[in-house]
Amino acid sequence: KISAENETSSSKDNSSSSSSATDEGRKGVAGMVVSKSQKKKQFEAIYERTLRKKLCAKRSEAANKWAEGVVEASLRVWTLHRVLSRKSDPTTRINFLHVVQNSPVPDKFKQAEEKLNAKSNGGTSSWSMFALFWNQVCIVLGARTQRLLRYDGGSMSNDVAALYPAIRSAALDMVITINDAVRAGSAASAA
């Protein structure tokens with residue numbers, strides 16, 4: 001009878017110690033017991049944060065790539081504008097920029113030309129190939145953004161809004177880079 005009681009008490013001790021070992025395995029921060037569902041929620045939260053960080057990095061990378069492309073194209077147009085403004089036809093002595101200015105604008109650039117003419121009150125004294133190009137870039141960017149916002153009943157509006165910080169940062173850097181290059185080119189041509 002005594003040995004049966006010892007076995008019972010020792011089995012109770014073993015079960016309580018195994019129960020406390022199980023609780024020890026589930027203890028989380030500050031010694032609190034964490035269930036499987038709570039662990040799953042913690043892992044999901046960590047995964048979500050990591051995913052957001054990666055998406056932010058990818059958006060920033062894509063925005064920078066876009067801005068680099070616009071800078072490259074803008075600087076090419078600016079260089080072409082500068083070259084045309086300096087060169088003239090050797091036989092007629094007409095400046096090549098005036099020839100381009102008096103030529104018809106392609107249909108793709110009609111809206112940009114209208115906006116440029118509206119800004120200069122119909123005058124052509126401030127006409128610039130670069131200004132025409134820049135107006136076209138802004139028109140196309142605005143149209144694409146509007147099309148994305150209207151796509152599938154506005155289902156992409158949250159994605160477009162999530163891109164805004166990266167695009168804004170890249171666009172500010174882009175405009176500063178273009179402005180610096182234009183000023184440096186203008187200063188070099190004046191000297």
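The values are calculated or read from the model by the stated rules, or taken from the named source; none is laboratory data. This structure is a prediction, so every number in the text was calculated from the model and none was measured. Quick reminder, even Gly has a Cβ in these numbers, built from the backbone with ideal geometry, and neighbours come from all protein chains shown. Calculation scope for accessible area: heavy atoms of the full protein, side chains included, ligands and nucleic acids excluded. Shrake-Rupley method; radii C 1.70, N 1.55, O 1.52, S 1.80 Å.
Computed values, structure above
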| item | result |
| --- | --- |
| Search result, residues across segment 45-96 that are more than 29 Å from Ile167 (Cβ to Cβ) and open to solvent by 60 Å² or more (accessible area, probe 1.4 Å) | Val83, Arg86, Lys87, Pro90, Thr91, Thr92, Arg93, Ile94, Phe96 |
| Residue check for Ala67: in contact with an Asp or Glu (Cβ under 8 Å, 6 or more places away or on another chain), closer than 15 Å to Ala171 by Cα, aliphatic (A, V, I, L, M) and touching a residue at least 12 places away in the same chain (Cβ under 8 Å) | yes |
| Any hit, segment 145-160, residues being small (Gly, Ala, Ser), within 25 Å of Gly185 (Cβ to Cβ) and free of Cβ contacts under 8 Å to residues at least 40 places away in the same chain | no |
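So that you can scan it fast, the table gives a plain yes or no per residue for (1) assigned to a helix (DSSP H, G or I); (2) closer than 25 Å to Ala57 by Cα:
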{"position": "Arg82", "(1), (2)": "yes, no"}
{"position": "Thr92", "(1), (2)": "no, no"}
{"position": "Leu116", "(1), (2)": "yes, no"}
{"position": "Gln146", "(1), (2)": "yes, yes"}
{"position": "Asp152", "(1), (2)": "yes, no"}
{"position": "Ala162", "(1), (2)": "yes, yes"}
{"position": "Met174", "(1), (2)": "yes, yes"}
{"position": "Ala181", "(1), (2)": "yes, no"}
